[in-house]
């Protein structure tokens, strides 16, 4: 699962790609919220909170994660997966964290401040007590190195998940004994708080220089690769890795040099790899794990409801499900065909037969740029008629475009039969399998034959373009302008279907480098309308997340962003008396 890759952990712009795994008024709460999570729909950032004196000293919490960790460099394309992102947040420092209410917040454990002092200068002030686990101060050197490893000029051979504004960084300079880092940009960046956020944390420069000359692109690339291949012994967060058993479990223990306000009370935090989501409720019931964060499915939600002394909640966040066309497929180069196909898709029907069965708050998503909880969200889908399930209108589009055999065996205007097409989904994901089968059923009514084919490697399939149509979800950061660049720019590695429109490239780049947020949002919506008319992506719905835990745990809550529940792992613990 790669993020910027598709839910994976996001790359530089913090965008993840989701192979696996609600809408309230204040950031969105799901309809299912029980026990310790009953207040989550109203209080996303504080639900399941327990005062420190009611959390016992010691104990172990084990959380299930659904994928192995193949690469430890979370800003790399290979390491940019959601599970790696959740792991790294327990030991990697970041200037900004993503909160459950879908907002970026200054990490006050690490930072005194981070300010945009003028449109092209950002000043980061690091807390004097902030150190790596070997005692080395966290400093401007770490900011500079973390810039270089993601810069397309400082390290062209660093295989990052995406750029997200790093090409606009001119320099990072230190002062105040290394406790102030000043970053200079070549142009304004609207989402400047996304730099050094939890999806693209700081890496230790003093360790990097042991594995490459940081003054050369080749040396930076060598250290970049070393971080990916090597299980971390360093930490700038509340925990440090004790052991890693490949495909089994990551065991973390408190970092003795942790400088943050909340000191971990657990003896150990374990992330256990359970790749079969259907086994997670069983592991929870058997006390093999105390926390699960699976993609919600009807059977899983119902099974968890039957487990005594377990609470659960759902949330709609910065994750959205969608169909994508591969524009390299010859037949799909025709805009009229794409428009007709998406017009035939019935999103209300899809939701009712999949996620709507366990979360009635899920509604069709009508933008690719913004979510309902974000300022500027505009319905740019409904006016196109796409997603409406209007078979007759879809047939009219085809007929007007010169197609024959509409409704039986579709033939294009040159007299060639429209070939069979493949739609792909992540193996073992029953919701996505249903979404593919429903898509094929809609297409059959137009005279198009679509075969359904699973993939066991979403990142590889999307990167190689080994599909005609595909369904997956993006997990993103609260940085819509950077997200849009990473997803839709013609030059982006995450633009898997190879959409190319100079008009939208111009609009997205202008939006991402604006000093006027309202104007930037208007440009996003303008680009959204163009892409929707081009019928490249059809957004389906905000993807619900599900967290469930035993009632003995405290201070663990959902976070429906690329950060996931481990964003506040320093506060995790077991309730006294449990």
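The values are calculated or read from the model by the stated rules, or taken from the named source; none is laboratory data. Please read all numbers here as calculations on a predicted model, not as lab measurements. Glycine gets a Cβ as well: all are built from the backbone with ideal geometry, and neighbour counts include every protein chain shown.
Before moving on, here are some points about what is shown:
- Of the listed requirements (1) assigned to a loop (DSSP other than H, G, I, E, B); (2) in contact with a helix residue (DSSP H, G or I) (Cβ under 6 Å, 6 or more places away or on another chain); (3) under 19 Å from residue 97 (Cβ atoms), residue 213 misses just one: (3).
- Where helices (runs of 4 or more DSSP H) fall entirely within the range 347-449, those with at least 3 residues that are modelled with pLDDT under 95 are at 430-444.
- The requirement of being surrounded by fewer than 17 Cβ atoms within 10 Å (Cβ to Cβ) and in contact with a helix residue (DSSP H, G or I) (Cβ under 6 Å, 6 or more places away or on another chain) is satisfied by residue 401.
- Selection from the range 278-292 of residues that are buried (at least 21 other Cβ atoms within 10 Å of the Cβ) and either at pLDDT below 95 or in a helix (DSSP H, G or I) (or both): 280, 281, 284
- Set 256, 360: member being surrounded by fewer than 17 Cβ atoms within 10 Å (Cβ to Cβ) and under 26 Å from the mean Cα position of the chain (by Cα): 360
- Top-ranked residue in the range 492-504 [being touching a helix residue (DSSP H, G or I) at 6+ places or on another chain (Cβ under 8 Å) and surrounded by fewer than 22 Cβ atoms within 10 Å (Cβ to Cβ); ranked as nearest to residue 166 (Cα to Cα)]: 493
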